[in-house]
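Q: One structure, pasted below without further comment.
Coordinate-derived values only; no laboratory data. Computed from a predicted structure; not experimentally measured. Here the Cβ positions follow ideal geometry from the backbone for every residue, glycine too, while neighbour counts run over all protein chains shown.
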Amino acid sequence: MKKLIVLIAAIAFVNHYNPSLLSFIWQKDGAFNASGTAKALLFVHDECGAPCNAALVHLKSKSIKPEVIDLKDNAEGRKLLQRYVDSTTLPVLVVGNNIYNGFNARSYNEFLYEIKGDSIFSWRDKRVYKQHFNEFNQPKVVIYSTRGCARCSDLRDDFDSYGIEYIEWDINNNSEAKIRYNILARAYGGSSDALLYVGTRRIEAFEVVGVLQAIEDLM
C-alpha cells in the first residue's frame, strides 16, 4: 500500500507541473528485451579511446553482455543514438529508460542493478545500499542532506506536499550516514553536495520526475 501511495503521489506531482513528461516516462522506447525487461546498449567509437575501453572492460568484469553499437561509419547507429541523447560524448550507456553519458563505475553499477540485482555491487556497497531498502526489500527515497542545501529544502517541500515518504539523513549530525555518504560521494570526486537516492539509483537532478522513474524501474 505504501508503495502504491508513493507512486500515485509522484505521478500527481509530475502531472501537475509538466504533464508532457508522463508520456516520456512511461514509454518503452529505451533498451528493452522482447519480454519487456531492461537490457544494456553501449554506444562507442574507436576514436573515443580510454572512456569507451574502460566501459567495455567494466561491463565484461560484471558479466554484462551489452549490445555494442560502434558508431564508426554507422549512420543507422548514429540515428539510433539521437533517439536517446543530443550529446556526442561517448560512451553512452542505455539501460531500460536510463541513459548515462561517459563512464563512471558507480553510476554504471547503479543502472545495471536493474539487470543483475545486488550481485553487481561489492560487499561494501551492498552494506551501504541495504540501508536504502525497507524490510520488504522495497526501495526507500533517501536524501543525504548537507548544511545550507537549498535544493534539499525545495525537494522536501515537494515531497511533503504530495505525501511522498522519504528519509533524510543530515550528514553533519549523523555519523553513520556520513560514512555511507563518503563511500557514495567518493565516486563523484568526493563532492560535498547533497545526494538523493531511490534504492540503488542516484537521482542527479533532484527532481520528483527522476524519483518517479526510479520507483517504476526498481519496484
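Q: Any idea how far apart GLU165 and ILE183 come out in nm if each label point goes 7 Å out from Cα toward Cβ?
A: So the label points at GLU165 and ILE183 sit 2.4 nm apart.
Q: Order by neighbour count: GLU168, GLU204, fewest other Cβ atoms within 10 Å first, most last. Present the calculation step by step, with values, prior to reporting the outcome.
A: Numbers: GLU168 17, GLU204 13.
Lowest to highest Cβ neighbour count: GLU204, GLU168.
Q: Let me spell out the model: positive unit charges on the Cβ of Lys and Arg, negative unit charges on the Cβ of Asp and Glu, origin at the Cα centre of the chain. What dipole size does that give, in debye rounded to 20? Intermediate values should be presented prior to the final figure.
A: Values: 26 positive and 26 negative charges, 144 e Å.
It comes to approximately 700 debye.
Q: At 222 nm, what helix-only mean residue ellipticity would the chain give, in deg cm²/dmol to the nearest 500, using -39500 (n - 2.57) for each DSSP H run of four or more? List each step's numbers first, then the result.
A: Working: 9 runs with 98 residues, N = 219.
Helices in the chain give a 222 nm mean residue ellipticity of -13500 deg cm²/dmol.
Q: Determine which residues of region 94-126 fall in the zone a paramagnetic label at SER87 would reach in this model, i.e. backbone nitrogen under 11 Å from the point 7 Å along Cα→Cβ.
A: Correct set: 99-104.
Q: Related question: Within region 56-82, find all residues whose amide N lies under 13 Å from a label point positioned 7 Å from the Cα of LYS116 along Cα-to-beta-carbon.
A: Zone members listed by number: 56-66.
Q: Express the relative contact order of the chain as a whole percentage, based on alpha carbon pairs under 8 Å and six or more residues apart in sequence.
A: On the way: 295 pairs, mean separation 48.2, N = 219.
Relative CO of the chain lands at 22 percent.
Q: Which chymotrypsin sites (Phe, Trp or Tyr not before Pro) in region 129-213 pass both tests, a DSSP loop state and at most 13 other beta-carbon atoms within 10 Å?
A: On the way: sites: TYR129, PHE133, PHE136, TYR144, PHE159, TYR162, TYR166, TRP169, TYR181, TYR188, TYR197, PHE206; in loops: PHE136, TYR162, TYR166, TYR188, PHE206.
Qualifying residues, ordered by number: PHE136.
Q: Another question, if that's okay. Among all the aspartates and glutamates, which ones have a C-alpha under 18 Å from LYS62's C-alpha, if same-chain residues fewer than 8 places away are not counted?
A: GLU110, GLU114, ASP118, ASP125
Q: Another one. When a/c is below 1.5 the answer is rounded, else prolate if a/b is larger than b/c, else oblate, so apply that to region 91-198 with a ≥ b ≥ c taken from the square roots of the Cα gyration tensor eigenvalues.
A: Taking the square roots of the gyration eigenvalues as a ≥ b ≥ c, region 91-198 is rounded.
Q: How do LEU90, LEU80, LEU196 rank when sorted from fewest to most other Cβ atoms within 10 Å of their own Cβ?
A: Final ranking by Cβ density, sparse to dense: LEU80, LEU90, LEU196.
Q: Express the relative contact order of region 40-117 as a whole percentage, based on alpha carbon pairs under 8 Å and six or more residues apart in sequence.
A: 38
Q: May I ask you to compute the full-extension gain from ALA34 to ALA105, defined as 0.36 nm times their residue separation minus their alpha-carbon distance, rounded to one decimal in nm?
A: 22.8 nm
Q: Still on this structure: What's the angle, to the nearest 10 degrees (0 to 90), between helix 50-61's Cα axis and the longest principal axis of the chain?
A: It is inclined by approximately 80 degrees.
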